[in-house]
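K.L.:
Below is one structure. I have some questions about it.
The values are calculated or read from the model by the stated rules, or taken from the named source; none is laboratory data. All figures in this text were calculated on a predicted structure; none of them were measured in a lab. Note that each Cβ is placed from the backbone with ideal geometry, even for glycine, and that neighbours are counted across all protein chains shown.
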Amino acid sequence: MKNDFLEYLKKLGMSSPFQERVKQILEFYMTCCGIDAKDIFISDYIDSEGKRLYESLWLFTEDFVCEAKQFLTQDIFDAMPIKNNFLRWEIQKTEYDFKHTYPKSRLTVSIYFGENIAGNLKASGDNCDDLRNIFRKYILPNIYKS
């Protein structure tokens, strides 16, 4: 696993078994389809007790966006071509201005590939900056242009 990925997972407070699970999924995508992630993102949220929970692992390359849904407990994987394939995006934010993060910062980026195909990337706290970077690097440049 790339050092950048490992540092990101540690920043999110992911334990060694969770880090190993991410490594397994990255290896699956490489072995199954030859997809070598350039960037990853963990969709997370804070529950009512203040605990960070992890939902999906997202992988990004120049050609694909991939999601491993409920990646800590299930094997549900998908991939979509990324080149000019987003029909629209939607942002919901709380206490986040795309410049500074706070413990209560929240950011959700919804992406739409078609009428019935969508994805939601969620971030809390300092993970908001990571989602902002993914949004700028992969989503904005790949909005469908007719």
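K.L.:
As an exercise: evaluate Asn85 against (1) modelled with pLDDT of 95 or more; (2) polar (S, T, N, Q); (3) closer than 30 Å to Cys32 by Cβ; (4) surrounded by 13 or more Cβ atoms within 10 Å (Cβ to Cβ) and give the number of the one condition it does not meet.
P.N.:
Here Asn85 meets the rest and fails (1).
K.L.:
Only residues that are assigned to a helix (DSSP H, G or I), among the hydrophobic types (A, V, I, L, M, F, W, C) and loosely packed, with under 13 Cβ neighbours inside 10 Å: list them for segment 116-146, please.
P.N.:
Of everything in segment 116-146, just one residue is assigned to a helix (DSSP H, G or I), among the hydrophobic types (A, V, I, L, M, F, W, C) and loosely packed, with under 13 Cβ neighbours inside 10 Å, namely Leu140.
K.L.:
What residue, of Cys32, Cys66, is surrounded by fewer than 14 Cβ atoms within 10 Å (Cβ to Cβ) and either over 18 Å from Ile139 (Cα atoms) or in contact (Cβ under 8 Å) with a residue 12 or more places away in the chain (or both)?
P.N.:
The match here is Cys32.
K.L.:
Residue by residue through segment 69-90, note down the ones that are without any contact (Cβ under 8 Å) to a residue 40 or more places away in the chain and touching a strand residue (DSSP E or B) at 6+ places or on another chain (Cβ under 7 Å).
P.N.:
Lys69, Gln70, Ile76, Asp78, Met80, Pro81, Glu90
K.L.:
Turning to a different aspect of this structure: Scan segment 1-20 for residues that are assigned to a helix (DSSP H, G or I) and either touching a strand residue (DSSP E or B) at 6+ places or on another chain (Cβ under 8 Å) or over 26 Å from Val109 (Cα atoms) (or both) and jot them down.
P.N.:
Of everything in segment 1-20, those that are assigned to a helix (DSSP H, G or I) and either touching a strand residue (DSSP E or B) at 6+ places or on another chain (Cβ under 8 Å) or over 26 Å from Val109 (Cα atoms) (or both) turn out to be Phe5, Tyr8, Leu9, Ser16, Pro17, Phe18, Glu20.
K.L.:
Taking Lys23 as meeting all but one of (1) surrounded by fewer than 12 Cβ atoms within 10 Å (Cβ to Cβ); (2) in a helix (DSSP H, G or I); (3) among the charged types (D, E, K, R), write down the number of the exception.
P.N.:
(1)
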